[in-house]
Every structure is written in C-alpha cells, then in structure tokens.
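A quick write-up on the structure given underneath.
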There are 4 protein chains.
Amino acid sequence: MIDYRSDNTGRAAPQILEALIRANHGTALGYGGDQWTASLQLRFSELFETSVSVFPVATGTAANALALAALGPSWGIVYCSEVAHINTSEANATGFFGSGIKLALVAGEHGKIGADPLAEALAGISPGQLHRGQPTAVSLTEATDLGAVYRLDEIRAIAEVAKRRGLKLHMDGARFANAVARLGCSPADLTWRADIDVMSFGATKNGGALCDAIVVFSPSIADGLAVQLRRAGQVWSKMRFASAQLIAYIEDGLWLEMARASNAVAARIAAGLCELPAARLLAPVEANEIFLELPGAVMDALEADGFQFYRRTKTLARFVCRFDTTEAEADGLVAALRRHLGAARAAD
Amino acid sequence: MIDYRSDNTGRAAPQILEALIRANHGTALGYGGDQWTASLQLRFSELFETSVSVFPVATGTAANALALAALGPSWGIVYCSEVAHINTSEANATGFFGSGIKLALVAGEHGKIGADPLAEALAGISPGQLHRGQPTAVSLTEATDLGAVYRLDEIRAIAEVAKRRGLKLHMDGARFANAVARLGCSPADLTWRADIDVMSFGATKNGGALCDAIVVFSPSIADGLAVQLRRAGQVWSKMRFASAQLIAYIEDGLWLEMARASNAVAARIAAGLCELPAARLLAPVEANEIFLELPGAVMDALEADGFQFYRRTKTLARFVCRFDTTEAEADGLVAALRRHLGAARAAD
Amino acid sequence: MIDYRSDNTGRAAPQILEALIRANHGTALGYGGDQWTASLQLRFSELFETSVSVFPVATGTAANALALAALGPSWGIVYCSEVAHINTSEANATGFFGSGIKLALVAGEHGKIGADPLAEALAGISPGQLHRGQPTAVSLTEATDLGAVYRLDEIRAIAEVAKRRGLKLHMDGARFANAVARLGCSPADLTWRADIDVMSFGATKNGGALCDAIVVFSPSIADGLAVQLRRAGQVWSKMRFASAQLIAYIEDGLWLEMARASNAVAARIAAGLCELPAARLLAPVEANEIFLELPGAVMDALEADGFQFYRRTKTLARFVCRFDTTEAEADGLVAALRRHLGAARAAD
Amino acid sequence: MIDYRSDNTGRAAPQILEALIRANHGTALGYGGDQWTASLQLRFSELFETSVSVFPVATGTAANALALAALGPSWGIVYCSEVAHINTSEANATGFFGSGIKLALVAGEHGKIGADPLAEALAGISPGQLHRGQPTAVSLTEATDLGAVYRLDEIRAIAEVAKRRGLKLHMDGARFANAVARLGCSPADLTWRADIDVMSFGATKNGGALCDAIVVFSPSIADGLAVQLRRAGQVWSKMRFASAQLIAYIEDGLWLEMARASNAVAARIAAGLCELPAARLLAPVEANEIFLELPGAVMDALEADGFQFYRRTKTLARFVCRFDTTEAEADGLVAALRRHLGAARAAD
C-alpha cells in the first residue's frame, strides 16, 4: 500500500519523540510554568524576529477556533474561503468556541480569498448595523486547502482591505511550513509583517506528533487567550512534553527541511502530470497536496494497485505527500496514472 | 529541592514514552481510525469487564467538562462538592462546554458529597420547575480533592439518590488509580457497577504524559460525544500517539503499580505524622495527597529546607506524592516537620 | 409620506391593544400560570386542529433561534435558504442560542429551498461523520423572504427528504398568515400535516404589537423549550398581557382578515406592474411583499415623491404592504412607477 | 382571595396601557428607530441627570443576563449574594448569555453582599491566575431579594472594593423604584454617582406590563450590547410599544408614586407585626416584601382564610405588596396573623 491519504496518517519525525524522552527528567512546574515552555517563547520569538506568545494546543482545530474566538465578540463575523478547513472540517468549532461567531464565505481562486470580493462583502455591512452581526476578522489558510500558496502581495492586499475596516487577521498555518518553504520568505514576512495578528502554527501535518500551537503577534490578545485555553482544556499540566515537541520541530530548521521534502515530492508528481493532459489539476501544486480530476474508473484502478487517497467527489481525488514520501512512491503514482489514464482514453 | 507541589510536576513513566516511539512506524488513518485506538477500546473493555468507549483527550479539564456537557441539556444543574476540581480549578470549563450548565454545591466530608445533603438539594427543585434549571447529573471525585477515597457503599448511596431522580453520574477520576489501589476493588465495581455513566479517566497525575481519557459506560452518550470532542479540538489527527500512551499506562498493571507507590509513600508520611499531634490533617490520607494545617512559620522553615509544596491558605499546606517519590524523601519531610513543629511549640 | 418600508413600521390592530386593557383586572399567577395563557393553548389547539403547545415570545428572532436550538444538539446543521431571515438578519441568533449550530444554505427559487438541492446537500454528509457536524433540521420560511409562498406539495417534498434522514422541520412563519391566506388551506395542512415539528408563529408583521409565538407540534420538544425560554428571558412574568394579544390576534379570524388585506393590496400593485414591462419582479407576488428591479434614478424619484421603501441593492427595491395599506396608496405607487419608468425609458 | 404571591401577579398601571393605545398611530421605523425610543433616551437621561442609553427588554432576566454578559469576557466571575435572583431564579441565564460566566457567592445580611467578604473573595484570586477564571463584575440587587435596601454608603463601600480591582458594577433594579422611594435619594445618587456601570431597570413588578430596561451609564458598553440584544431576540421590531410603556412609567413620577404605595402598605403590615412577637421577620421591611418565619399550621390557616402567598420553606412565608394592595388588605393580614399566631401559641 502506498499512502497518499493525508499528511496526518504519517509518522512523527524521530527527533520530536526523542525530545520527549530527553524532557523526562526532574520535576517542573505544571501548566506551562516550566523551563521548556519558557524556552519555547524565546525560540519562536527568534524564529519570528519579534516577541511572540506561543501557546501549545492539542490540535489545529483548537488552534483555529480559539484564536478566532479571541479576535472579537461573539456576534462577530469571520471571513474565509468556502473550502477553508474551519468551514468544512471542524464541526463548526469556531461557532462553538466563539459562542455564535459566524463564518462568511468569500470568493477566490484555489482556496484563497480575493481582496476584491472581501471588500465587496464588507461593503454590504455598515458599521453599527445590528441585523447581521459585525465583521471582526479574516482567516487566511496558508498553504490553502487546495494546495496553493498565497503570495506575499496577495496577503498584503487582503490585509489592507481588512485593516481599513478595523478587522483582525488570522492565519490558519496548518501547512505554514510548506508555504514558507515554497515562498522562500521569512516566517516574519509571511505573518506579522503582513499584518497577521494571530496564527495557528501547524506541526502535526508536517512530521509533528501531538501538538500544534497558537502564535500571537498582537500582545493584547494573549492574556484573555491564556484563560480561555485553560478553560478549553488545552493547557496540559505536564506542558513540558508539548513544548519540547515544538522546540524540536523548529530546531536546526527541521520543520523547513521536512516541508521542503514533501513539497518536492509533490512537485515531482506534478511535473510528471504535465505529460498527462488527461489529468486535470484543480489548483497549482505549490505545497504538498495534489487535487486531481479523475474518472471514477481510474480511481478504482489506482486503489486496486494499492494506492490510498481520498475521493473528494466522484471525480476529484486528493493526494497528499508527507515528509517521508519517497521519490519512488511519486514515480510509482505517476506511472500508474499514465497507465490508467491511457486505458481510460482508449476506452472512450 | 524536594518537590511535593503536585503530581503533575513529575516525570512520565518511561514505558509510556517508549510506547510513543514504538508506535512511530508506518501510516495509520487519522482521527482515531488507527489500530492503536481500536486496540485501546478492547483493552479498556477488558479492564472494565464490559464494553466501553474510550476517548483520549488532552487534559482532565477537557475530560470533565465534555463528559458533563454530554450528560444533559445546557440548562442542567450538576451537583458536586465545593472543593471539586470542576468547581475550583477549571475556569468554569463545565459552564462553558455545557453552554450555561450550572454547578450546585453539595455538602460532605473530606471532599466527598453526602447522599443525604444531595437528596435534600434535589428535593428543593421540583421536576418541571423553570426558574432554577433542572438537575441532570452528579459528579463525584474519586479520590477526592482532599485526598480521601469514597468507599463503594458511599458511592452506591449517592447513586441511589441520583438515579431515583433520573440523574446521570459522572466520576472525576483524575486520581482513579489511587482510589482503586486503595480500595483493592475492581475498576468495574467502582464505576459502572456502582451506576457511573461516564468517567474522566486520569493518567497524567499518575505517571502519564500528554493525555487522559473519557470512558463511557452508557452507550447512548458516546455518539454525540464523538462529534463534540471533534469540535472541541480534542481529537488528535495522529491519535495513535495518544492511544499508545493509554495502552502502555494500563499494560501489565503499570497504572496500579504507580498508584500503589504514591499511596504508600503518602501513607508513610501520614504514619510519621501520627507521632506529631501538632500536625493536624484536614482529611484522612487515603490516596497520595496530604493536607496539613501548619503555622505559617513552619511552612517558611520547610521551604527554607528545600521542600516545595502549595500553600492552600495561610495555615493549610498540601503535599502530593508522585509515583517516584522516595521513602527517603518521605522520611525527610516527617523529620523536618518534627523539627519545626517542635520548635514552634517551644516558641509558644 | 407613503410607507412601504416594512410590515413592522405599522400600527397594531386596535383589537389587540384593547385586549390588553381587558386583561388588566384582578391578579393572576406569573410566568404563564394564568388563565389567558391556559386559554391560549386551547384556542391555538382548535386553530391547528391538534393539541399544540404555544409559547409567546417577544420577537420572531427569539422564536426562530430558540425553536431551532430545541431541535437538535449544538453541533447540528440547520438547512435553510440563503435569503432566509435566520441567515441574513438575526445576527446569527441561531448560532448563539444553539451554542454553535451552523446554518447550511440550500439553493432554491424565490426564497424557497428545493427538495433536490436539499437531498444533494444531505448526501454530502454521512451519518456519524465527525468533521462537519451532523444535519439536524430544515428551516422553511413561509411566506418566503422574497414574497413567494411554498405550495403544500413543495413543503411535503422537502419534508420527505428531511424525514428520510431523521431531520426535524421548522417553519419560520413570520408571515404565516399571508401564506395561509394565499393558499386558502388550513393552518394544520400547512404545518403538522406536512410534517412540521415546530413553527415560529408571527403576529407582529401582520398587525400584532409586542409578541410572536413558538408553536410546538412535537410534544417531546416542549419541556426543554420551556426551561430554555425562561433562561432566555423570554417568559414574561405578567404573561397574561402577551397571551391576550395572541388570543385577540386569531379571534374571529382577525389574523387572516389582515393578511388578506395586505396580500390584496400587494396583488393590486403587482397587477398594475404587469402593464409596466420595465418593472422586473424578482419573485412572484404571492404574499404582501414586492421585490422590484429598478434603476437607481427611479428609486430617487419615488423617494422625492414621498414613497418610503428599502433599497436592498442599488437596483433592487422592496415594497411591503401592511394590513392597513390602502388601495389608493397602491394605485399611487403604480402611477408613480409608470411615470418614472416611462421617463427612464425615454432617457435611454 | 387576597393575593400576596408576588408583585408580578398584579395589574399594570392603566396609564401604561393607555400609552400603548396613544402610540398606535402612523408608521414608525422598526427596531428602535422610532420617535418614542428616541424620546425614551432623553427622558431617562433627564431622570438620571446624565446621558444614558436605554434598551427596553422583555424581562428582568434578559436585562440581568445581557447586562452582565456585556461587562466582561466569558471566563469572567460575577460576584453576587446567594439569594440574588440571578443565582436562584433565572435558570442560569447569566451563565448562558455569558457563555460560561460563573457566579460566585458573597456573604452579607438580608440579601446584600458585604464589602469585606467581597474584598476577601477577590483576594483569593490573583490577577492573571488561570485556574478559576477572572473576576469581572459585581451585581447588587436593590432593593434586595429579601426586602431590604442598600444604603448609599453600603453601595459606595462595595464599589470602592470593586473598582480597586478594576471590576464593573451592575445593579439588579427589579425593585429599584422601591429602593429610591425608600431612600428618598435621586436615581443618579443610587447608580452612576455610586459607580454603577449598568443597571436592570425594573418596571414589571411595580405596575409595568411587558417590559423592563437596561440602562447603561458607561458608554463603552452600549455598542456591543445593542448587537447582542438584537441577537438575543430582545429588540422588538415595533419598539415604539415598549418605549411608550417605559415613558409612561416614569411620566409625572408615576413609578415612584406606585413604589411609595407598595412600600407604605408593606410598612403598615410590618408595623402591625411589631405587636406580634411570635412573628419573626427574616429581614427589615424596607421595600414591598415581607419574609416571615411562621409555623406551618399558621400558613395553612392563612390559606384557609383566602390569603395567597409563597412558602419559601416549610417555615418561611413571603408576602409581597403591589402598588394597588389596599390598607384594608394589609390590616386583614395582620389581623389574621394575630388570630392564628395566638392560637398557635395557645396550642403550645
């Protein structure tokens, strides 16, 4: 079996689990009062070239929902893409943690939202208007849920629209490493320098094990968030074992190394697809995900060959590369697609 | 420094972290669709001698609040002890996850609630009465937050009162292992055979690392809870790393071995205190916690000696034993108390 | 000034306010324990030809949100039209009272949802799937927010799809009277006989003053709803003054008489528009609302003439008829439209 | 039957219902955009000698819960008396509208909270502490739920403690008129001059019909509250009929006249009780409520005589006077008590 189902089906980087073992000595104050969590603040502040607050959390859903709930009142409206994970896959966690916060969908390409459609949506709600709630935040997914990556200028254009109206900016960075690796920019450029106030910093999908993090760039958000996280059951009493994972994740550039590896193997598949005009990509392959329009029979044949992947619709397949997906596995997928698409065409 | 601050300041059992490393091979379906999580259901069903649903969660706060929210409507009243962790230390997580569920405090000794005070409290609210909300559940902490342990007959008496009124029963088992070790009964006897519907199964305080669990005995609760947990950001995508910890925790009786160790060292301290009439215990030492009335000067002197512990009030100190607290550390504490209490008495 | 802004800008029927005065004698038990509220249950049960529970509430928003929250768990999904009042105009009250309930939009014509698009939307979420929440209810607006009216067979088709999946059915009947008047059917036919479980029974827009009601057809919903309403601050202590209004509203068919009047005057305007091909209706005029595509200059001219109405977009105007809108006012509007549209055409 | 059950069993002042009828002419913008609601702001600003925002709401429960939810985050703690209506009788509406806000009970006499116990309670929670939530507000009930009235210096002492810690102050003024009438002070002195930030302004219990109000003294609270009220279903579309009631309520001092009447008749009963040493008052009679310790047999006898009242416990009866309770009714109650208490004593 060759597994392209998701980046969460994979192993953790051994370095991350070894860090757990190394942290297992002596006693340490609970709930984040330990030296690993203190160190985590420093390391991430270095990484982001500014003083940040880092809150380890169990999952990306917790990171997204609690970060968004911290950005505005419960009658707020959060703007996002229709395919955003917060809209499609988190059982309305944002609405729950936000006590009624509503998501409003904004059009855009390849899982992005567009600055112009955002401006239009905002124009439809006057400040002080009671009937619809009030716009409070925008959430961008970087890389997007369709495997594309916002360019810096695209984010800045959205930020400009949002800030003009006083909105806060959240980045869902479940695949932030893949975006940084793709763009070759600094984490700072892609976040606070582009006016992002708070982000969900993903690790799990990119070789992590049991935690992601909320990274806060606007200090005013952090205090309340700390209490809210405690109440949400997201503050481990033995926090050192979470903080140690996140430190190991960014140590010596491990996170970017893994993201580069999964990006590269996805790119290799995408390159192979170029020669297969019958394989239609839904979005450019800029990170580690490939969305491919395929006849159902071809999907059946791939599965018979031992490939695992998700069928998003009857004719849309998703293939996700992990940091340890091999070039041979990539070439195997391309070869199988060539074979089955050729057969499908011949059958037409 | 000798650390008696909490059982969450300590190390994890090495076996639990090693299980993480052993689980780190191959790919596995996300969000609990893996073989470790399947195995976890079987192992816990064996342990409890009945078919149970086990949901790993990040923290005891999550376990308590989500379990209680699953037991009744948002206008429900949950009865608990005034010193219950859910009342004192979870930032009203139950009220939050339960969308307004209210805790009502019931009198009792040593962190327990009494069956009679419970019956009285329930008698004060007629079924169908609108003004106060409606009783829906009782939460017992076993072992209690003052270090005592409910006997089986005490739990059954409470359960009888609760069930007569149609209430559900929750057990906060943050220190369940210590209670089972103390009573020498089976996990089944202490839970579903005593009419408990759902429990928070603690591991962290007893040598665990990054997860506790909700164990459901009443199947009707499990379906909704699964969605609620997903929405609460408590379902790890790489769930195998949580399930593997919990499997290792109960494997070969590790959990009870650790609980027996921390109970024994607490009992050793308690025995030493018998000879010190000036040391007044707040509650019998039946698990791994010791609550001691002490003059402030004695607490100061202990700290100067290098003992770490929490001051609950100006004259109440809490000492918690961990699975790896040594007999020498216990004897050291008793000796220091003897010394300082003697001095304090002499100073009178 | 001739006011077509909304049916909530108008007067109350004098009979309704007189009923308040008649109810103002003697003492009466609070919170609905009075004879008027008891009588209300009987009168509405007669009206609907079945035993119903009637809960007076202050507003239609309260009726909708609390009724929907009573139909399923907080992780539920409620299906409705994009233009439904619950989606556009209630500041996400359903998400708030439902503690995170999410609205999912279903396509359809003229403010309706279609049975086929609903079936398709439901097919996209498997039972037990955790990531999206679970479908729990469908909300139909009758008459719709665009002034059309569901036919009985349309409602039954939707109900069939919903019931096959175990969903509950809610009707937002803010303009229920207008729909009943239009269809000439019985209230029973349009509700519980078509499988509606609970409805928001509007009075305010149709000559009411200070209350609408929730009417419950499925008894299992009523008990919890009663507590929830108390907690929501929707149970008046002097409930007699609310119940008396609702009794007067349906007494001797007053409600239908008023609805027929507003429908008739809207129909008179619509008939006049037939002769004005430049006036494009957004939806058939089947109740008391008229949505008209108009050039901005024509809207300006109408306002200069003293007509009041809402501009939904730059080219969409809404005109609402009240029970006391006169035929002369209708003819005045048609004449003005004829005049200004003629001028606009000439200017082309 | 002579009804002492509650001040909500009574009639409305005829002036208030007549105001509804007078307001029933012409059209008026919905949701508070009408001239009555504008006028209401002015009249109340005059009454309170400062610029206030007034939001009519359906019930006192809505007023309390929404005002308190506006004062702080959802992890906040609100301090109040154990017998406060928000704690005993509103089905935890504050916890619901506040998305998990918790009530913490503060000791005091006669339904008041004491400044010292409040200071002590606050000292127990350090700023920034995560485990318990954070103190955000204090709620005072004036007149109290046991019929006593805070003196100005008592309120100022509490306010000083609260403000030192940065807490907001809420007044539950369900019987505010009775307190003002008792103290003979100005509404301003009893509220914003004593540092109250927001109040629930009761009308229903004192001759009102269908609305109370939230009065906001701290402008920063008002904007968010307006959206929250809309979402809570507490903004009538035909708001004029609510605003007109509240204007009539304070017009020409009607509210104080009614409060003086109910206070006076309660005082007359209290004076009669002075001569009956067997009748023990639970609290001084300073407003319109009388809490009387009575043998069960005496309560039975009173009921047999046709007196209606509430039994709070087996030996505690509550008698409430309304604005239209007559002196003859008062004398009748005293005479009956004299008769039955004498008989009870003789039977000893």
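The values are calculated or read from the model by the stated rules, or taken from the named source; none is laboratory data. Predicted model, so just to flag it, every value in this text is computed and none were measured. Cβ atoms come from the backbone with ideal geometry, glycine included; neighbour counts cover every protein chain shown.
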Filter result for the condition that a residue is more than 18 Å from A:Asn64 (Cα to Cα), part of a loop (DSSP other than H, G, I, E, B) and not aliphatic (A, V, I, L, M), over A:Gly128, A:Gly208: A:Gly128
Index of the failed condition, C:Phe44 passing every other in (1) within 23 Å of the chain's Cα centre (by Cα); (2) surrounded by fewer than 24 Cβ atoms within 10 Å (Cβ to Cβ); (3) closer than 22 Å to D:Lys238 by Cβ; (4) within 11 Å of another protein chain (Cβ to nearest Cβ): (4)
Test: A:Phe291 is within 14 Å of another protein chain (Cβ to nearest Cβ) and of a type in the set (Phe, Trp, Tyr): no
Any chance A:Ala123 is under 20 Å from the mean Cα position of the chain (by Cα), hydrophobic (A, V, I, L, M, F, W, C) and either surrounded by fewer than 16 Cβ atoms within 10 Å (Cβ to Cβ) or at the interface with chain C (Cβ under 8 Å from one of its Cβ atoms) (or both): no
Residue list for region C:118-145, filter: touching a strand residue (DSSP E or B) at 6+ places or on another chain (Cβ under 7 Å) and closer than 15 Å to C:Lys163 by Cα: C:Leu118, C:Ala121, C:Leu122, C:Gln134, C:Pro135, C:Thr136, C:Ala137, C:Val138, C:Ser139, C:Leu140
Single condition D:Leu341 does not satisfy, out of (1) at pLDDT 95 or above; (2) buried (at least 18 other Cβ atoms within 10 Å of the Cβ); (3) more than 24 Å from the chain's Cα centre (by Cα): (1)
Region A:84-112: number of residues that are free of Cβ contacts under 8 Å to residues at least 40 places away in the same chain and more than 11 Å from chain C (Cβ to nearest Cβ): 3
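So for region D:147-155 (the condition being part of a helix (DSSP H, G or I) and surrounded by 18 or more Cβ atoms within 10 Å (Cβ to Cβ)), does at least one residue qualify? Please lay out each step first, then the result.
Taking region D:147-155 as the starting set, the residues that turn out to be part of a helix (DSSP H, G or I) are D:152-155.
The next check asks that each one be surrounded by 18 or more Cβ atoms within 10 Å (Cβ to Cβ); those that pass are D:154-155.
Yes, some residue in region D:147-155 is part of a helix (DSSP H, G or I) and surrounded by 18 or more Cβ atoms within 10 Å (Cβ to Cβ).
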Any hit, region C:54-68, residues being surrounded by fewer than 21 Cβ atoms within 10 Å (Cβ to Cβ) and among the aliphatic types (A, V, I, L, M): no
Selection from region A:239-266 of residues that are surrounded by 23 or more Cβ atoms within 10 Å (Cβ to Cβ), more than 21 Å from B:Gly208 (Cα to Cα), within 16 Å of the chain's Cα centre (by Cα) and of a type in the set (A, V, I, L, M): A:Met258, A:Ala259
Selection count, region C:180-196, where residues are among the charged types (D, E, K, R), over 16 Å from C:Ala148 (Cβ atoms) and part of a helix (DSSP H, G or I): 2
Filtered residues of region C:1-14 (kept if of a type in the set (D, E, K, R) and within 8 Å of another protein chain (Cβ to nearest Cβ)): C:Asp3, C:Arg5, C:Arg11
C:Leu273 vs. criteria more than 23 Å from the chain's Cα centre (by Cα), touching a residue at least 12 places away in the same chain (Cβ under 8 Å), more than 14 Å from every other protein chain (Cβ to nearest Cβ) and surrounded by 22 or more Cβ atoms within 10 Å (Cβ to Cβ): no
Residue within region A:314-323 that is of a type in the set (S, T, N, Q), within 14 Å of chain B (Cβ to nearest Cβ) and surrounded by fewer than 18 Cβ atoms within 10 Å (Cβ to Cβ) present: no
Flag if A:Asp223 is surrounded by fewer than 18 Cβ atoms within 10 Å (Cβ to Cβ), of a type in the set (D, E, K, R), assigned to a helix (DSSP H, G or I) and modelled with pLDDT of 95 or more: no
Index of the failed condition, A:Ala328 passing every other in (1) under 29 Å from A:Tyr249 (Cβ atoms); (2) surrounded by 19 or more Cβ atoms within 10 Å (Cβ to Cβ); (3) of a type in the set (A, V, I, L, M); (4) away from every other protein chain (no Cβ under 14 Å): (2)
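Which residue out of B:Ala19, B:Ala104, B:Ala67, B:Ala91 is of a type in the set (A, V, I, L, M) and part of a loop (DSSP other than H, G, I, E, B)?
Working: B:Ala19 fails: part of a loop (DSSP other than H, G, I, E, B); B:Ala104 fails: part of a loop (DSSP other than H, G, I, E, B); B:Ala67 fails: part of a loop (DSSP other than H, G, I, E, B).
Result: B:Ala91 is the single residue among B:Ala19, B:Ala104, B:Ala67, B:Ala91 that is of a type in the set (A, V, I, L, M) and part of a loop (DSSP other than H, G, I, E, B).
Could you please let me know if C:Gly32 is surrounded by fewer than 21 Cβ atoms within 10 Å (Cβ to Cβ) and over 18 Å from the mean Cα position of the chain (by Cα)?
Working: surrounded by fewer than 21 Cβ atoms within 10 Å (Cβ to Cβ): no; over 18 Å from the mean Cα position of the chain (by Cα): yes.
So C:Gly32 does not fit the description; no.
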Residues being without any contact (Cβ under 8 Å) to a residue 12 or more places away in the chain and more than 7 Å from every other protein chain (Cβ to nearest Cβ) - total across region A:15-31: 1
Positions within region D:196-225 being touching an Asp or Glu at 6+ places or on another chain (Cβ under 8 Å) and at the interface with chain C (Cβ under 9 Å from one of its Cβ atoms), in sequence order: D:Thr204, D:Lys205
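Just to be sure before I move on: is B:Ala115 touching a Gly at 6+ places or on another chain (Cβ under 6 Å) and either buried (at least 20 other Cβ atoms within 10 Å of the Cβ) or away from every other protein chain (no Cβ under 14 Å) (or both) in the structure I sent? Break it down stepwise before answering.
Details: touching a Gly at 6+ places or on another chain (Cβ under 6 Å): no; either buried (at least 20 other Cβ atoms within 10 Å of the Cβ) or away from every other protein chain (no Cβ under 14 Å) (or both): yes.
No: the conditions fail for B:Ala115.
Tell me, which residue of region C:1-20 that is among the β-branched types (Val, Ile, Thr) and within 20 Å of C:Phe291 (Cα to Cα) is farthest from the chain's Cα centre (by Cα)?
Residues of region C:1-20 among the β-branched types (Val, Ile, Thr): C:2, C:9, C:16.
Subsequent filtering for residues that are within 20 Å of C:Phe291 (Cα to Cα) retains C:2, C:9.
Details: C:Ile2: 23, C:Thr9: 15 Å.
My answer is C:Ile2.
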Restricting region A:226-244 to residues that are within 15 Å of D:Leu130 (Cβ to Cβ) and in a helix (DSSP H, G or I), the residue that is farthest from the other protein chains (Cβ to nearest Cβ): A:Leu229
Odd one out for D:Arg280, checked against (1) over 20 Å from D:Val149 (Cα atoms); (2) modelled with pLDDT under 95; (3) in contact with a Leu (Cβ under 8 Å, 6 or more places away or on another chain): (1)
Subset of region B:84-99 that is in contact with a strand residue (DSSP E or B) (Cβ under 9 Å, 6 or more places away or on another chain) and small (Gly, Ala, Ser) - its residue that is surrounded by the fewest Cβ atoms within 10 Å (Cβ to Cβ): B:Ala84
Qualifying residue in region A:56-63 (condition: over 29 Å from B:Phe96 (Cβ atoms) and in a loop (DSSP other than H, G, I, E, B)): no
Residue in region C:129-140 that is touching a helix residue (DSSP H, G or I) at 6+ places or on another chain (Cβ under 7 Å) and surrounded by fewer than 18 Cβ atoms within 10 Å (Cβ to Cβ) present: yes
Listing of helices (runs of 4 or more DSSP H) fully contained in region B:245-348 that carry 3 or more residues being under 19 Å from B:Thr9 (Cα atoms): B:254-274, B:327-347
Filter result (of a type in the set (A, V, I, L, M, F, W, C), surrounded by fewer than 17 Cβ atoms within 10 Å (Cβ to Cβ) and under 18 Å from the mean Cα position of the chain (by Cα)) within region D:276-312: none
